[in-house]
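Asker: Got a structure for you, questions after.
The values are calculated or read from the model by the stated rules, or taken from the named source; none is laboratory data. Because the structure is a prediction, the values reported are computed rather than measured. Quick reminder, even Gly has a Cβ in these numbers, built from the backbone with ideal geometry, and neighbours come from all protein chains shown. Just so you know, the surface numbers come from the protein's heavy atoms only, side chains and all, with ligands and any DNA or RNA stripped out. Shrake-Rupley method; radii C 1.70, N 1.55, O 1.52, S 1.80 Å.
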Amino acid sequence: MSSSIAQNLRAPALVLLFLVLIDVVSIAHADKSFEDVRCKCICPPYRNISGHIYKRNVTQKDCNCLHVVEPMPVPGHDVEAYCLLCECKYEERSSNTIKVTIIIYLSVVGALLLYMLFLLLVDPLIRKHDQYTIPLHNEEDSEDVRPHVDGRGNTVLERVEGAQQRWKKQVQEQRKTVFDRHKLLS
Amino acid sequence: MAEADGTSSATPTEEMNGAGNLMDFLDEPFPDVGTYEDFHTIDWLREKSRDTDRHRKITSKSKESIWELIKSLLDAWSGWLVMLLIGLLSGTLAGVIDLAVDWMTDLKEGVCLSAFWYSHEQCCWTSNETTFADRDKCPQWQKWAELMTGYTEGAGVYVLNYFLYVLWALFFSFLAVSLVRVFAPYACGSGIPEIKTILSGFIIRGYLGKWTLLIKTVTLVLAVSSGLSLGKEGPLVHVACCCGNLFCSLFSKYSKNEGKRREVLSAAAAAGVSVAFGAPIGGVLFSLEEVSYYFPLKTLWRSFFAALVAAFTLRSINPFGNNRLVLFYVEYHTPWYMAELVPFILLGVFGGLWGTLFIRGNIAWCRRRKTTLLGKYPVLEVIVVTGITAILAFPNPYTRRSTSELISELFNDCGALESSQLCDYINNPNTTRPVDDIPDRPAGPGVYSALWQLTLALIFKIVITIFTFGMKIPSGLFIPSMAVGAIAGRIVGIAVEQMAYHHHDWIIFKNWCRPGADCVTPGLYAMVGAAACLGGVTRMTVSLVVIMFELTGGLEYIVPLMAAAVTSKWVADAFGKEGIYEAHIQLNGYPYLDQDEFTHRTLATDVMRPRRNEPPLSVLTQDSTTVEDVETLIKETDYNGFPVVVSRESERLIGFVQRRDLILAIKTARQKQDGVVSNSVVYFTEDAPQIPATNPQPLKLRRILNLSPFTVTDHTPMETVVDIFRKLGLRQCLVTRSGRLLGIITKKDVLRHMAQMMNQDPESIMFN
């Protein structure tokens, strides 16, 4: 029963998470600060003038050599020839998206790292007594053990605990397949 | 009726209840019936017929009420909805990966002081350094040594930067491999061989799970930014497939039917390539040509839609800041000449040779990893390879930067604007021409030193990629393969260019290369070389050319790309039939029936079980087996299914029942159905058998019986049997002679037989 409730809850939760994700992206997107557009003109060496790069914040329409290159290094009659050589590119970015993405990414990595340390260092200490009661299970036993830790607990905490145990077992199985027996992915 | 008789002693209400319960019980299928265990293959035929049943039920119900009609419409649309969600999520994840990789790659060298989350390029977005000399410098961006010591030049600074570069690389890769090891071991590798196997109908539980999705996304960034010789494209296909699986679980149409789920996964693979390369059409073709097993037209359209949504999402995130999906967009449109086909074909030959070398070397190394002590130290292996890569990569400017940037630079033509060493040509001061049309020029000292460095980079990439692919971190091989090809191509391109410049009077150059004309574009050679090398490794043709042209936007260059792709396929095929993915499938012994023809003259009777000196086939009879007999049979054998016959004497076939379904049905019946004890008779007929009233209530199991098992006669050639297995996706096939059941051929038997015929160890096939 509880597992089916969890199943039912999972779908909306996923959708919600997804919506939040989209929301974050769109918020980050909507608010485009002025420094997020640039028109970059690269002008190669010309006569005795060395190559230059010009960047200005102008609209896409105005993104050409005449509006961006300032001060013009050549006298008036040479402007056309000089500008022919320049290549102007209009570029956009969203600094907020970058910021949000990197921060989310770093926090996910941080959380995973903490959880990993917890699993590797703290968890074995807490569960020391369990190791005596549940000796190392063979694969044949795992079938019988599964209903035992099936997340049938009453409280949310017990259910989470059960789910965590099941997950750990799965990962252990995967680790055996990949790293020890080299059955998959080698 | 018999059940009602059995409970006749009960009070009327109880009888009602009992009957009601019984009806419910019979109506709703046993829970979990029709699911498969880990490492089993699915029965495509059964999945298809189950979907048809479901569809029929919904259609007939939809006429009953408006609500049911709406439900049926929703059901019909759920496929497209899943595609939309997959496209959105995989596009978003790809954007996140691109941005994070961009930042972390640059983190190895320095940091942006104004905002730490900016990469070098982003950091200097508005900087005012205008001269070419310091176009890459800006005060906000500081290298680590500069930040620590305050100096920008000097041997000490170089050594410190070197040291920190290696340290960061080691840190990233260590983090990646430990995350993979602790949280999701299935997240390692490229994933395409496994996805191919899964799409062909194999079950690997957890391979497309949520943890795999999370860990693969996170560690992919770490692996790519550690500077190892690997790319993100293959793993992105895996990530997209995980997204597909995730959204499948929202809709019972897909979560309960493994066949339908695979249709979604095929489309998800297309979305994955679509975001990896920014090549939506190429993604669809990749899924069709390389990954998918069963690809009906409906899936083609859905893949198209998913690829479109994914590309659109990625484009709106705009990770590269250039309003393009890809890093490799080339802007030149210079023509190519017929005579250039010769070097293009030579590049194709090189690509084929590289493909062969890579596959042989990598498979040999992976086999070592699988069987020897090497496999015991996955973390150490990753650390050592990263260390070697970083130490060797840093001194060479072409290997220090990220591989995609390298490819991007190699693809580009040398305009007057380029400041890179590769474009250090000697300009004729007298001519001023527009930017686009620069004549061939003699190479300057920069080009020659670049050639040296590129040659070293080429050797380095060739060697290190062989050892990198297959380590226990997410690793794709598209980008490294393309890099090898692009380097080789650029070298050839420069050579041809210089030859054409210095020897206009040679006959071959006379017609197409006059002095002062721009006739050879080295960037194009790099493109062709990249396509050839990728083709040699993966043996793709159509999708490869489409991906390349979507990647570079060079519509004019389809013919050179095609020539190179086809040549590299020919050359590589001459040395070995299979591409890298098939080779890995074979190495791991995945049960994958490939599309090659089976040409041996064996018959079904040679392959079927039981063999001549083996005990007879374990069968169930339609109405004389007891529950206890069935349970003993299940306990004593490990067969995945049992044929049901009329009686042991006549051995005429009724149907086939799956082991898992049988176990579940008996377990459920024992728990829920009164009167089912060990002595109860199990029957598969429509009506209960005539049994004395004293016997316990019989158990009807017709619901789980497959009444239309596939049968062949014992003299059917194996060629046909293999074809049936391949095209229909069977799991097992029964062998009969004049209506009598003789034996059974399972997919495992077919695969083992094929392995035996190809002189391989038949026991290496992984199968439960």
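Asker: Among the listed residues B:VAL96, B:VAL33, identify the single one that is open to solvent by 20 Å² or more (accessible area, probe 1.4 Å) and at pLDDT 90 or above.
Answerer: B:VAL96
Asker: Among the helices (runs of 4 or more DSSP H) confined wholly to the range A:1-109, which include 2 or more residues that are modelled with pLDDT of 75 or more and farther than 30 Å from B:PHE251 by Cα?
Answerer: A:65-68, A:79-85
Asker: Oh, and also: Suppose we keep only residues that are among the β-branched types (Val, Ile, Thr) and free of Cβ contacts under 8 Å to residues at least 24 places away in the same chain within the range B:446-502. Which one would you say is farthest from B:LEU524 (Cα to Cα)?
Answerer: B:VAL463
Asker: Which pairs turn up if I take residues in the range B:353-373 that are among the small types (Gly, Ala, Ser) and look for partners that are open to solvent by less than 60 Å² (accessible area, probe 1.4 Å) and modelled with pLDDT under 90 with beta carbon separation below 9 Å, at least 6 apart in sequence or on another chain?
Answerer: Within 9 Å, the pairs are B:GLY355/B:GLY576; B:GLY355/B:GLY579.
Asker: Applying the selection to the range A:133-185, what residues are assigned to a helix (DSSP H, G or I), modelled with pLDDT of 50 or more, out of contact with any helix residue (DSSP H, G or I) (no Cβ under 7 Å at 6 or more places or on another chain) and within 14 Å of chain B (Cβ to nearest Cβ)?
Answerer: A:ALA163, A:GLN164, A:TRP167, A:LYS168, A:GLN170, A:GLN172, A:GLU173, A:LYS176, A:THR177, A:ASP180
Asker: Would you confirm whether or not the range B:686-700 contains a residue that is farther than 22 Å from B:SER624 by Cβ, in a loop (DSSP other than H, G, I, E, B), out of contact with any Ser or Thr (no Cβ under 7 Å at 6 or more places or on another chain) and open to solvent by 20 Å² or more (accessible area, probe 1.4 Å)?
Answerer: Here is the first cut: in the range B:686-700, the ones farther than 22 Å from B:SER624 by Cβ are none.
Checked against the condition, which is being farther than 22 Å from B:SER624 by Cβ, in a loop (DSSP other than H, G, I, E, B), out of contact with any Ser or Thr (no Cβ under 7 Å at 6 or more places or on another chain) and open to solvent by 20 Å² or more (accessible area, probe 1.4 Å), the range B:686-700 yields no hits at all.
Asker: How many residues are at the interface with another protein chain (Cβ under 7 Å from one of its Cβ atoms), open to solvent by less than 70 Å² (accessible area, probe 1.4 Å) and more than 24 Å from B:GLU121 (Cα to Cα) when one looks only at the range A:71-109?
Answerer: Residues in the range A:71-109 being at the interface with another protein chain (Cβ under 7 Å from one of its Cβ atoms), open to solvent by less than 70 Å² (accessible area, probe 1.4 Å) and more than 24 Å from B:GLU121 (Cα to Cα): 1 in total.
Asker: Step by step: first the residues of the range B:191-201, then only those that are assigned to a helix (DSSP H, G or I) and more than 9 Å from chain A (Cβ to nearest Cβ), then the one that is farthest from B:HIS40 (Cα to Cα). Which residue is that?
Answerer: Within the range B:191-201, the match that is farthest from B:HIS40 (Cα to Cα) is B:ILE192.
Asker: Could you list, ordered by first residue, the pairs with Cβ atoms under 9 Å in which the first is in the range A:40-68 and closer than 21 Å to B:CYS138 by Cβ and within 11 Å of chain B (Cβ to nearest Cβ) and the second is polar (S, T, N, Q) and open to solvent by 80 Å² or more (accessible area, probe 1.4 Å), at least 6 apart or interchain?
Answerer: Short answer, once both residue conditions are applied: A:LYS55/B:ASN128.
This table checks each residue for (1) out of contact with any His (no Cβ under 8 Å at 6 or more places or on another chain); (2) in a loop (DSSP other than H, G, I, E, B); (3) modelled with pLDDT under 85.
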| position | (1), (2), (3) |
| --- | --- |
| B:GLY470 | no, yes, no |
| B:MET482 | yes, no, no |
| B:GLY485 | yes, no, no |
| B:ALA488 | yes, no, no |
| B:GLY493 | yes, no, no |
| B:VAL496 | yes, no, no |
| B:ASP505 | yes, yes, yes |
| B:PHE509 | no, no, yes |
| B:PRO515 | no, yes, yes |
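Asker: Any idea which of (1) in contact with a Leu (Cβ under 7 Å, 6 or more places away or on another chain); (2) farther than 30 Å from B:LEU454 by Cβ is the one B:TRP336 doesn't satisfy?
Answerer: (2)
Asker: Related question: In the range B:331-421, which helices (runs of 4 or more DSSP H) lie fully inside it and hold 1 or more residues that are under 23 Å from B:ALA565 (Cβ atoms), within 14 Å of chain A (Cβ to nearest Cβ) and not β-branched (Val, Ile, Thr)? So that I can check it myself, show each step before the final result.
Answerer: Details: elements: B:341-371, B:378-393, B:397-400, B:403-411.
In the range B:331-421, B:341-371 are the helices (runs of 4 or more DSSP H) which contain 1 or more residues that are under 23 Å from B:ALA565 (Cβ atoms), within 14 Å of chain A (Cβ to nearest Cβ) and not β-branched (Val, Ile, Thr).
Asker: When the range B:365-422 is examined, which residues are found to be hydroxyl-bearing (Ser, Thr, Tyr) and under 28 Å from the mean Cα position of the chain (by Cα)?
Answerer: Once the filter is applied, which keeps residues that are hydroxyl-bearing (Ser, Thr, Tyr) and under 28 Å from the mean Cα position of the chain (by Cα), the range B:365-422 yields B:THR371, B:THR372, B:TYR377, B:THR386, B:THR389, B:THR399, B:SER402, B:THR403, B:SER404, B:SER408.
Asker: Pick out the one residue from B:LEU285, B:LEU327 that is of a type in the set (A, V, I, L, M) and assigned to a loop (DSSP other than H, G, I, E, B).
Answerer: When all the criteria are applied, what remains is B:LEU327.
Asker: Can I ask one more? Please work out if B:ARG205 is on the phi < 0 side of the Ramachandran plot, surrounded by fewer than 20 Cβ atoms within 10 Å (Cβ to Cβ) and in contact (Cβ under 8 Å) with a residue 40 or more places away in the chain. Working first, answer last.
Answerer: On the way: on the phi < 0 side of the Ramachandran plot: yes; surrounded by fewer than 20 Cβ atoms within 10 Å (Cβ to Cβ): yes; in contact (Cβ under 8 Å) with a residue 40 or more places away in the chain: yes.
Spelling it out, B:ARG205 is indeed on the phi < 0 side of the Ramachandran plot, surrounded by fewer than 20 Cβ atoms within 10 Å (Cβ to Cβ) and in contact (Cβ under 8 Å) with a residue 40 or more places away in the chain.
Asker: Next question, about the same structure. Here is a check on your reading of the model: is B:GLY244 more than 9 Å from every other protein chain (Cβ to nearest Cβ), within 30 Å of B:PHE725 (Cβ to Cβ), buried (at least 18 other Cβ atoms within 10 Å of the Cβ) and at pLDDT below 90?
Answerer: no
Asker: May I ask you to verify whether B:ALA310 is modelled with pLDDT of 85 or more and among the small types (Gly, Ala, Ser)?
Answerer: Taking the combined requirement at face value, the residue satisfies it.
Asker: Out of the residues in the range B:443-455 that are part of a helix (DSSP H, G or I) and out of contact with any helix residue (DSSP H, G or I) (no Cβ under 8 Å at 6 or more places or on another chain), state the one that is nearest to B:PRO235 (Cα to Cα).
Answerer: Checked the range B:443-455; the qualifying residue nearest to B:PRO235 (Cα to Cα) is B:TRP452.
Asker: Within the set of pairs 6+ apart or on separate chains, which have a first residue in the range B:533-547 that is without any contact (Cβ under 8 Å) to a residue 24 or more places away in the chain and within 10 Å of B:LEU285 (Cα to Cα), a second that is small (Gly, Ala, Ser) and assigned to a loop (DSSP other than H, G, I, E, B), and C-beta atoms under 9 Å apart?
Answerer: Note: no pairs meet the criteria.
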